[in-house]
Structures are given as structure tokens and as C-alpha cells.
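Single-structure report; data block below.
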Amino acid sequence: MTDWNERYLSGDTPWEKGGSAPPLIELLERKKNGIWGGGTVLVPGCGTGHDVRALAGEGMEILGVDLAEEAITRALAHPKAGNESYELADFLNTEWRVGKRFSAIWEHTCFCAIDPSRRPDYAEACAGLIEPGGHLIGVFFLTPHDPGEEAQGPPFSTTIEELDAHFAPWFERLDSWAPQRAYPGREGREWLVIYRKK
């Protein structure tokens with residue numbers, strides 16, 4: 001099991017790019033504002049909060065959660081961009097989820113970081129946390145490793161078919177596309193999806 005806090009402390013954080021995910025910026029530029037709803041948006045596995053701040057800057061109320069204490073400490077050290085907050089928590093912990101509801105979830109690096117055996121738990125967590133009619137919006141890694149690299153995660157790859165299979169019991173896919181914006185080396189290897197809670 002990955003010790004995420006230790007990875008932050010040791011500087012072993014290749015996912016830390018110093019800014020919000022390019023596909024998120026692309027999505028925000030498309031002005032699909034209705035997908036976020038009028039409540040709080042959850043960002044699981046928020047890391048140091050780049051995506052949280054990008055969303056908060058759009059006027060939304062955002063909660064970023066991460067199970068690495070150092071990540072939350074660094075997120076809190078940034079100047080506030082709007083109405084964002086952070087919490088040290090495990091998104092997959094059923095006790096943490098009790099009584100919580102969100103209008104949307106933004107997924108960026110949480111799904112690909114967990115062991116693939118926990119993906120049904122992830123889908124169930126999203127289903128339990130998102131209000132009916134709310135949305136799960138995310139960028140998923142189809143092929144996160146460079147060709148020729150050992151395909152050992154994290155990050156772990158997925159397929160569009162696997163995503164639909166995990167989320168179909170609770171969600172319908174409204175839209176999806178290969179984002180044009182990406183970190184260098186990730187072009188054409190990500191998939192941006194909008195699911196709506198049934």
C-alpha cells in the first residue's frame with residue numbers, strides 16, 4: 001500500500017505539476033456551468049489543491065479531501081482563491097461519508113491512484129455522496145504510462161468500457177471526449193467524462 005504522506009515528505013510526487021489539470025481548464029472554458037450544481041463540489045484526492053482553487057475561482061463552494069496530511073498542509077498554505085476548504089480524510093471511508101452530500105464531484109487523480117480492486121468502492125462512494133441529478137465529472141487515465149515503461153501503478157490505467165461498467169448502476173454518461181489540453185506526454189491518453197446521478 002502506498003504511503004502517500006511519505007511520498008509528499010520525500011518529494012516523490014511526479015503527479016504534482018504546479019497547476020490545475022489542463023483538462024479541467026478546458027472544461028471550465030466550455031462553460032458547462034450547470035454540471036456543478038448549486039451546492040458544494042467535492043474533490044477527492046485533492047493533493048495540494050490546484051484543482052480545488054481553479055474551481056473555487058469560478059465562484060463555487062469546494063471541499064478538497066486527501067489522506068496525506070502533508071498534502072493538506074501545503075494546500076492550506078496557498079492563498080485562498082474563493083470559497084474553498086480542505087479536510088484530511090479518506091474518501092473511501094464509509095464512516096467519513098455518513099451524512100455528506102455534494103452537488104458534484106471532480107475526479108482527477110484519485111481513481112487512478114487507488115488499487116484497481118477498490119474501484120467498485122470508489123463508484124459506490126460517488127453514488128452515495130452525489131445528490132440525485134448531480135454530476136461526477138472527471139479526467140481518467142486510459143494509458144498513464146509512456147510506451148515501453150513498466151505498466152505498474154499507480155497510476156493505474158482504465159478503459160471507457162470499465163468506467164461505464166463501474167458507474168452504470170448509479171449514473172448515466174452525458175458526455176465524454178479526449179481533452180485537447182493535457183500535460184506534456186499525456187496527449188491522447190486521457191478521457192474527460194460527465195456522468196449524471198440517476
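Derivation of every value follows stated rules applied to the coordinates shown; laboratory data play no part. Not measured: the values here are computed from a predicted model. Cβ: placed from backbone, ideal geometry, glycine included. Neighbour counts: every protein chain shown.
Key figures
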| item | result |
| --- | --- |
| Test for VAL43: is it under 12 Å from the mean Cα position of the chain (by Cα) and either within 15 Å of HIS135 (Cα to Cα) or surrounded by fewer than 19 Cβ atoms within 10 Å (Cβ to Cβ) (or both) | yes |
| Any hit, segment 137-158, residues being surrounded by 18 or more Cβ atoms within 10 Å (Cβ to Cβ) and in a helix (DSSP H, G or I) | no |
| Selection within segment 20-41 - in contact with a strand residue (DSSP E or B) (Cβ under 6 Å, 6 or more places away or on another chain), within 22 Å of ASP66 (Cα to Cα) and in a helix (DSSP H, G or I) | PRO23, TRP36 |
| Flag if LEU92 is under 23 Å from HIS50 (Cα atoms), in contact with a helix residue (DSSP H, G or I) (Cβ under 9 Å, 6 or more places away or on another chain), in contact (Cβ under 8 Å) with a residue 40 or more places away in the chain and not aromatic (Phe, Trp, Tyr) | no |
| Scope segment 42-81; condition among the acidic types (Asp, Glu), closer than 21 Å to TYR122 by Cα and either touching a Ser or Thr at 6+ places or on another chain (Cβ under 8 Å) or in a helix (DSSP H, G or I) (or both); matching residues | ASP51, GLU69 |
| Residues that are surrounded by 15 or more Cβ atoms within 10 Å (Cβ to Cβ) and part of a loop (DSSP other than H, G, I, E, B), drawn from segment 3-16 | THR13, TRP15, GLU16 |
| Positions within segment 1-20 being within 15 Å of the chain's Cα centre (by Cα) and within 22 Å of ASP115 (Cβ to Cβ), in sequence order | TRP15, GLU16 |
